[in-house]
Every structure is written in C-alpha cells, then in structure tokens.
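Novice: Supplied in structure tokens, the structure appears directly below.
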Amino acid sequence: MTVEAIMLVVIIAVAIILLSVLFTFVPVALWISALAAGVKVSIFTLIGMRLRRVIPNRVINPMIKASKAGINVSINQLESHYLAGGNVDRVINALIAAQRANIELSFERCAAIDLAGRDVLQAVQMSVNPKVIETPFIAGVAMNGIEVKAKARITVRANIERLVGGAGEETIVARVGEGIISTIGSSLDHKKVLENPDMISQTVLGKGLDSGTAFEILSIDIADVDIGKNIGAELQKEQAEADKNIAQAKAEERRAMAVAQEQEMKARVEEMRAKVVEAEAEVPLAMSEALREGNIGVMDYMNYKNIDADTGMRDSIGQMSSGGKKEDLKNKKEQ
C-alpha cells in the first residue's frame, strides 16, 4: 500500500472514532426528536447538560410532553428542578392532570410539593377522585359503663394549598378516633349510640378535624358499631375485690393485735402469780418473826394450821365434786 492510502485509512478511522464519541456525548437523536416535536433546543444546550451531569432525556422528554399539552415551562426550570433532586417527569404529569381537571397549579407550586417529598401526581389525582380512609375499630365507654366499638370510613380530598407542611392520613385517623371516643363517652346510654350512629359523624365533622392537614374531609360515615365489654361491671368487680382484700388485711391486723394482747395478758398473769408466790413465801417468815417476838402464841399458830388444813380439805372436796359433775355432763352428751 502506498503512503497516501495508509493516510486515508487512518483519517477515516479517526473520523469514525470522533463521530462515535460525538454521537455518544451529544444526544443527536434526542435533539432531532425535540425539533420534530416543535421544542426549540440547541445542540449546545444538550452538550451543556452533559457537562452539568444532567441526563438530557430526563429533561427533554418531559419538555416535549409539556409542549404537546400546552403547558408553558422552560428548559431552565426543568433542569434546575432536576438538579435539586426532583422528579421532572412526575411534575409535568401532575401539571397535565391539573390542567385537564381545571385545577390551578403553577410549576413553582408543583415543584415545591415534589421537593417536599410528597407525590404531587397522586395529590392531583386525589383532588379529582377522593380517597376513602377506613379506621380500625375504635372503642369508647358510655356513661353506663358499656363499651361501644365503632369503625368509620373517612372520605378525603387532597388540599393542594396545604400539601407542603400539612399533616398526613395518620393525623386524620387520630382526630377522628378522638371524636368517636368523646362522642361515645358523652352518651348517657350505649343504646343511644346504637340507635343513632350518625350522631358520631355529625359531632366529628363539627369539630373541623381537617384543619392543618393536607386533606379536606368530605364525609365521615360510620361503617360498623359493635358492643364490647361491660367495663363498669368489671371496674366494680375489681373495686369489690380490692375492698375485700383491704378488709381481710385489716381483719388479719386486728387478729394479730388480739393475739399479741392475749400473749401480753398471759405474761402479766404469770407475773402476778409470781408475785403471789413471792408474797406467800414471806408468810412463814412473818409468822416465825411474830412467834419470836411474842405477837402470837403457839395456840394461835395451831388454830391457823387447823383452819388452813380445813380450807385445803374443802377445796379438795369441791374439786372432786366439780369433776364428777363434768363427768356426768360428758356422759349425758355421749348418750
């Protein structure tokens, strides 16, 4: 091969490589699609997106969609929203849905809702088609002590103006639950709640529970009402059980005090007996002292001993007779 042929092959190879790099770095097909859809975007804008690390089709395709829908947005707005971490395609879809439903929604508002972490497209769809939130069974106790369980269905519509900073579904369910409990608790009889379950929804709706939330409550319907436990009777039973335990504890305390007092009295009786024995032990000493001093004579002492013996004999006879009577009574009972 000649030198000219070799140079021609090299030039063709370099050209092919340069064109490959160019078509890889510059989305020419996307640029042609934009021009065909009537979206004016220069090739240098697409190159700038590559340099700013923006995926061009994430911006150009939503731009084409918005242009076809008649929504006036600029490439700079879409690119800035993408760089801020937003979902450009979802924002454009939400704007198209809002336009079709005659809902006033600007791009700035829609982008703010998207950057706040809420699904703006779902919010627009919920504004058109309200959502039904079903609460679990919420129990309340009427004044007569009967537990009443109620389940509610809450129909809500998204409030676009309060999506940023507004409370979510959990707050709605909690507020409705609070209203159900307060309504049941203020009823004198659980039968009135069963007869008129709509009084719960009327009371709850009258409190403005959707204030500060991202939703607007359209209606609250009581889906089911059920009777629970007799809380009043159970509380009375537990109170009676507690009173019984308290009374038993007090009786046990009194019994222990009586036992202690009885033991104390027995100790005092033994103490008095010891004193009597001690006093009786002093009698012979006193008599011997009286004999020595001549205060009593021998005959007086003998008379004292005779009287003492006579008294002991009578005591013995009395004990024998009382023992016989007890034996007769015992035999009669056995017969």
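Novice: Just one of the numbered conditions (1) exposed (fewer than 14 other Cβ atoms within 10 Å of the Cβ); (2) at pLDDT below 80 is not true of residue 188; which one?
Specialist: Just one mismatch for residue 188, condition (2).
Novice: A further question on this structure: Restricting attention to segment 193-208, which residues are part of a helix (DSSP H, G or I) and exposed (fewer than 14 other Cβ atoms within 10 Å of the Cβ)?
Specialist: 195, 198, 202 - these are the residues of segment 193-208 that are part of a helix (DSSP H, G or I) and exposed (fewer than 14 other Cβ atoms within 10 Å of the Cβ).
Novice: Take residue 211 and decide whether it is assigned to a strand (DSSP E or B) and among the polar types (S, T, N, Q). Step through it out loud before you land on a result.
Specialist: On the way: assigned to a strand (DSSP E or B): no; among the polar types (S, T, N, Q): yes.
In short, no.
Novice: Give the number of residues within segment 113-125 that are of a type in the set (A, V, I, L, M, F, W, C) and in contact (Cβ under 8 Å) with a residue 40 or more places away in the chain.
Specialist: Residues in segment 113-125 being of a type in the set (A, V, I, L, M, F, W, C) and in contact (Cβ under 8 Å) with a residue 40 or more places away in the chain: 4 in total.
For every residue, the table says whether it meets (1) in contact with a His (Cβ under 9 Å, 6 or more places away or on another chain); (2) in the same structural domain as residue 101 (by TED's automatic domain parsing); (3) free of Cβ contacts under 8 Å to residues at least 40 places away in the same chain.
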position: 136; (1), (2), (3): no, no, yes
position: 144; (1), (2), (3): yes, no, no
position: 151; (1), (2), (3): no, no, no
position: 155; (1), (2), (3): no, no, no
position: 163; (1), (2), (3): no, no, no
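Novice: Where residues in segment 101-138 are small (Gly, Ala, Ser) and touching a strand residue (DSSP E or B) at 6+ places or on another chain (Cβ under 6 Å), which of them is nearest to residue 76 (Cα to Cα)?
Specialist: Residue satisfying both the conditions and the ranking: 123.
Novice: Would a scan of segment 5-21 turn up a residue that is among the hydrophobic types (A, V, I, L, M, F, W, C), outside any loop (DSSP other than H, G, I, E, B), surrounded by 12 or more Cβ atoms within 10 Å (Cβ to Cβ) and modelled with pLDDT under 75? Walk me through it before giving the result.
Specialist: Of segment 5-21, the ones among the hydrophobic types (A, V, I, L, M, F, W, C) are 5-19, 21.
Subset that is outside any loop (DSSP other than H, G, I, E, B): 5-19, 21.
Among the residues that remain, those that are also surrounded by 12 or more Cβ atoms within 10 Å (Cβ to Cβ) are: 8.
Still in the running and modelled with pLDDT under 75: 8.
Within segment 5-21, one or more residues are among the hydrophobic types (A, V, I, L, M, F, W, C), outside any loop (DSSP other than H, G, I, E, B), surrounded by 12 or more Cβ atoms within 10 Å (Cβ to Cβ) and modelled with pLDDT under 75.
The values are calculated or read from the model by the stated rules, or taken from the named source; none is laboratory data. Please read all numbers here as calculations on a predicted model, not as lab measurements. A quick note on method: Cβ atoms are made from the backbone with ideal geometry, for glycine too, and the neighbour counts reach across all protein chains shown.
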